[in-house]
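Enquirer: Have a look at this one.
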Amino acid sequence: MKIIVCDKTEAEAIDKMRAAGLTVDVRDDITPEQLPSVLPAYDGMVVRSRTKVRQPLLEVCPDLKVIVRGGVGLDTIDVDFAKSKGIAVMNTPLASSASVAELALGYMFALARSLYQATASMKSEKWDKKSFEGDEIGGKTLGLIGVGNIGKALAARAAALGMTVMAYDPYVKALDGITLVTTLDELLEKADYISLHLPKTKESAGMLGAAQFARMKKGVRIVNCARGGIIDEGALYEALTSGKVAGAALDVFAEEPPTDWKLLKLPNVIGSPHIGAATKEAQGRVGVEVADILIKFAKEMK
């Protein structure tokens, strides 16, 4: 089985696939313009977030059998079209869960204690203690929108810190230690912190807009380490400037990189360039999981 690796993947994972008998070509600098002429020679491809796999590309690859996305989200792949062509599409849902959960939790601490703003003040050679009275997160209510692997990992960490954890996820029926609510409105009305952990789909796109912000507690804090576009960024801007939302921490954006930076320039917004899974530990696990998936797939094809 011949595999092309289109994005950065751990060398150990490449070695593991080759040792299992797969032919693996690493082309992690390949451009979108080059892919249509190169990809038809391969049975499988490995991608991360850089490489987009859309219908026009898939239409010129009649022999492609499998796409493995090193990561959780599949929004960079036309999954339905791929499956209609008999192409298996798989991801690595467990590998980065801890890293993304830790980033979300770190963001919650940063929002509660204004760590970014306090650091910026100190770098300006100011000793302004009075401006940075914060809050404890213990005793507060964390509302999770989406409670898959990452949501559950964050829930466990938040509960250990004394937070009450509630979640809205229509695809989950019961979870230990987490209060599941049947409507999104109930979560919005009760949560002190809201953290998103769901894919971007037709149903979830723009699901937090002006009407949803209106239902939230005054002073709520928002964390999004899931996908851009789930939050209406214009509505979030208005909620932040009005004081309805006390602060927001964003690792993902509707457009990446953003071309309109006004949201990030607000003093009560902190952000990062989609680094949720960017830890040494997660990258190693992603590579191992990618290799295991493809080795198993190749064996089943025989």
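Enquirer: Under 8 Å by Cβ, and 6 or more places apart or on different chains, what pairs join a residue from segment 90-106 that is within 11 Å of GLU289 (Cα to Cα) with one that is β-branched (Val, Ile, Thr) and assigned to a helix (DSSP H, G or I)?
Expert: MET90/ILE293; THR92/VAL286; THR92/VAL290; THR92/ILE293; ALA95/VAL286; ALA95/VAL288; SER96/ILE150; SER96/VAL286
Enquirer: Also: Of the numbered conditions (1) crowded, with 17+ Cβ neighbours inside 10 Å; (2) at pLDDT 95 or above, SER242 fails exactly one; give the number of that condition.
Expert: (1)
Enquirer: Condition check: of a type outside the set (Phe, Trp, Tyr) and under 19 Å from VAL100 (Cβ atoms). Does GLY247 satisfy that?
Expert: No, not satisfied.
Enquirer: Suppose we filter segment 42-52 for residues that are in contact with a Cys (Cβ under 9 Å, 6 or more places away or on another chain) and either of a type in the set (Ser, Thr, Tyr) or modelled with pLDDT of 95 or more (or both); how many remain?
Expert: Quick first cut of segment 42-52, residues in contact with a Cys (Cβ under 9 Å, 6 or more places away or on another chain) only: 42, 45-48, 50-51.
Narrowing the set further to residues that are either of a type in the set (Ser, Thr, Tyr) or modelled with pLDDT of 95 or more (or both) leaves 42, 45-47, 51.
Residues that pass the stated criteria total 5.
Enquirer: From the list VAL286, VAL223, which residue is modelled with pLDDT of 95 or more and either over 30 Å from ILE14 (Cβ atoms) or outside the structural domain of GLY143 (by TED's automatic domain parsing) (or both)? Don't jump to the end; show me each part of the working.
Expert: Working: VAL286 fails: modelled with pLDDT of 95 or more.
VAL223 is the lone residue from the list that is modelled with pLDDT of 95 or more and either over 30 Å from ILE14 (Cβ atoms) or outside the structural domain of GLY143 (by TED's automatic domain parsing) (or both).
Enquirer: Give just the number: which of (1) without any contact (Cβ under 8 Å) to a residue 60 or more places away in the chain; (2) touching a Gly at 6+ places or on another chain (Cβ under 6 Å) does LYS126 not satisfy?
Expert: (2)
Enquirer: Here's a follow-up. Determine, yes or no, whether MET108 is crowded, with 22+ Cβ neighbours inside 10 Å and either outside the structural domain of ALA226 (by TED's automatic domain parsing) or among the aliphatic types (A, V, I, L, M) (or both).
Expert: So MET108 passes the test.
Enquirer: Six or more apart or on different chains, Cβ atoms under 7 Å: show the pairs whose first residue is in segment 150-175 and touching a residue at least 60 places away in the same chain (Cβ under 8 Å) and whose second is not in a strand (DSSP E or B).
Expert: Filtered contacts from segment 150-175: ILE150/SER97; ILE150/VAL100; ILE150/ALA101; ILE150/HIS197.
Enquirer: Sort through LEU58, LEU64 and tell me the only one that's assigned to a helix (DSSP H, G or I), touching a helix residue (DSSP H, G or I) at 6+ places or on another chain (Cβ under 9 Å) and assigned by TED's automatic domain parsing to the domain that holds ARG285. Outline the logic, then answer.
Expert: Values: LEU64 fails: assigned to a helix (DSSP H, G or I).
Going through LEU58, LEU64 in turn, the sole match is LEU58.
Enquirer: Also, I was wondering about something else. Step by step: first the residues of segment 170-214, then only those that are over 17 Å from CYS225 (Cα atoms) and of a type in the set (Phe, Trp, Tyr), then the one that is modelled with the lowest pLDDT. Which residue is that?
Expert: My answer is TYR171.
Enquirer: From the list VAL100, VAL60, VAL47, exactly one residue is buried (at least 16 other Cβ atoms within 10 Å of the Cβ) and more than 30 Å from GLU136 (Cβ to Cβ). Which is it?
Expert: VAL47
Enquirer: Would you confirm, using the coordinates I've provided, whether PRO199 is within 22 Å of ASP78 (Cα to Cα), in the same structural domain as GLY143 (by TED's automatic domain parsing) and more than 13 Å from the chain's Cα centre (by Cα)? Write out each step before concluding.
Expert: On the way: within 22 Å of ASP78 (Cα to Cα): yes; in the same structural domain as GLY143 (by TED's automatic domain parsing): yes; more than 13 Å from the chain's Cα centre (by Cα): no.
For PRO199, the condition - within 22 Å of ASP78 (Cα to Cα), in the same structural domain as GLY143 (by TED's automatic domain parsing) and more than 13 Å from the chain's Cα centre (by Cα) - is not met.
Enquirer: Taking segment 262-302 on its own, how many of its residues are part of a loop (DSSP other than H, G, I, E, B) and closer than 13 Å to VAL252 by Cβ?
Expert: Of the residues in that region, 9 qualify.
The values are calculated or read from the model by the stated rules, or taken from the named source; none is laboratory data. This is a predicted model, so every value here is computed, not measured. FYI the Cβ positions are ideal-geometry reconstructions off the backbone, even for glycines, and counts take in every protein chain you see.
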